[in-house]
1. With viscosity set to 0.890 mPa s and temperature to 25 °C, compute the Stokes-Einstein D of the range 47-187, Rh being the Kirkwood radius across alpha carbon pairs; µm²/s, no decimals.
2. Any of 108/145; 57/145; 69/108; 110/145 with alpha carbons more than 25 Å apart? Name them for me.
3. For residue 177 and residue 63, what does the FRET efficiency come to when R0 = 41 Å and r is the distance between their Cβ atoms, rounded to the nearest 0.05?
Amino acid sequence: MQVPPRSLYLNRSLSISERALAASERKYRLTSDNTSDGIVHFTPAGEIDFVSPSYLKQLGYTEAEELGKSAVEIAPELHPDDRDELFAKLNSAIARREHELTYSYRVKHKCGHYIWREDHASFIYDERGRYAGAYASCRDVSERKRIDLELQENKDAAERLLNIAAEIIISLDFDGKIMLLNESGHRILGYQSPELIGRDYFA
């Protein structure tokens, strides 16, 4: 029986590995192209070398405008109030060899307005523990932030109205314990919140 040359086995092994890699890349591309979250990959040098369609849609840029963009070019697009904190978090996570980090920030759309995004970054390290790039899934949470802001504003307005009332306003839970007392109540009764909150009103 004639034994096939060793090179045939090597070529077949390489072919199988290449096919598996190609299949994996196609699967990743299919997933990234069809998810509502944006996907971006950064090289070890901090440059973008892959963006998904949803990522482009979030910010309004073309693939050609995003690919190759560095951290220096991305920085001006971040909201000034978020920029330093964001880079500090990322640099700290990489310095500590963390593998994941979730963070929120504002970034400028191509049209000039800011959107809120929540990113989940997955950091990659080589066998020596050196930073080797990162993937991030990016979700537009602008609507959620808008609702949170409205709720907070409504809460603040309600508290202001509560505290300008001349009468005592008190809120009890189902067990008759004090949950809230307005400023007039504190003044008239002569107590501060820490002294009354949680006490039984009927005791």
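Every number here is computed from the coordinates shown, using simple stated rules; none is lab data. Note that the coordinates shown come from a computational prediction; the quantities given were computed from them, not determined experimentally. Cβ placement follows ideal geometry from the backbone for every residue including glycine, while neighbour counts extend to all protein chains displayed.
1. The diffusion coefficient I find is 131 µm²/s.
2. In this structure, not one pair exceeds 25 Å between Cα atoms.
3. E(calc), rounded to 0.05, equals 0.10.
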